[in-house]
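Single-structure report; data block below.
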Amino acid sequence: MKTNYFIYSVQGLYLALELQGQQLSYAALAQTPEAAQHLLAEHLACSPTAVRERLTTEPDPNLLALLKRWQQQQLTAADFIWQGSAFQQQVWQALLSIPPGETRSYQELAVQLQRPRAYRAVANACGANSIAWLVPCHRVVRSDGSLSGYRWGIALKQQLLAKEAAARAK
């Protein structure tokens, strides 16, 4: 199976992506293309120069199809290669059901998974999500509605939620 690497610009942010065949296995979010390259370098344990040499610059039909499904809110577990426990994968799959512009608390997600006391485990699973934005862990907040940890920073989480809320209000 062929693996391709991309830096993809969307809504003023940059996604560092790893696509294995037709499935996404890694996505990190950054403010600049250089920062996205550094995140990909970290993921691949290589230098940013080596990342530039590995980047696919041609439009990839598999990536374009995946991004189109994302825009249409039609991503499913089959679109991803998840590396985590069965419970983490259940959480990540549940994240796909949260519409843009809406949030759920860790507690609500735990109840949805029929594990009402596992809200901390849900939070840990969100923190372990290696597919930024497309598997929307940024849509999960504390029970009081306040923002909590986000692998790519609270400011970015707030920015994503604000963009989604504005788009939904239109």
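For the chain, with all protein chains in place and a probe radius of 1.4 Å, 49% of the accessible heavy-atom surface sits on carbon or sulfur. Per residue, the accessible area of the chain comes to 52 Å² when a 1.4 Å probe rolls over the protein heavy atoms. Estimated at 0.36 nm per residue, the fully extended path between Gln83 and Gln114 surpasses their Cα-Cα distance by 8.9 nm. Using R0 = 25 Å, the C-beta based FRET efficiency linking Lys163 and Ser97 works out to 0.80. From helices alone, the chain scores -13000 deg cm²/dmol at 222 nm; the rule is -39500 (n - 2.57) for each run of n ≥ 4 DSSP H residues, then divide by the residue total. In a reduced charge model with +1 at each Lys and Arg Cβ and -1 at each Asp and Glu Cβ, the chain shows a dipole moment near 460 debye about its Cα centre. When you count the other C-beta atoms within 10 angstrom of each residue and take the mean per peptide, 53-59, 87-93, 77-83 line up highest first as 87-93, 77-83, 53-59. What shape does the chain take by its C-alpha gyration tensor, where a ≥ b ≥ c are the square roots of the eigenvalues and a/c under 1.5 counts as rounded, a/b above b/c as prolate, and the rest as oblate? Judged from the Cα gyration tensor, the chain comes out prolate (a/c at least 1.5, a/b above b/c). Label point 7 Å out from Arg151 along Cα-to-Cβ: which residues of region 41-66 have amide N under 11 Å? Answer for this model: 43.
The values are calculated or read from the model by the stated rules, or taken from the named source; none is laboratory data. Note that the structure is a prediction, hence the values are computed from the model and not measured. As a convention, Cβ positions derive from the backbone with ideal geometry for all residues, glycine included, and neighbour counts pool all protein chains shown. Just the protein is used for accessible areas: all its heavy atoms, side chains included, with ligands, DNA and RNA removed. Shrake-Rupley method; radii C 1.70, N 1.55, O 1.52, S 1.80 Å.
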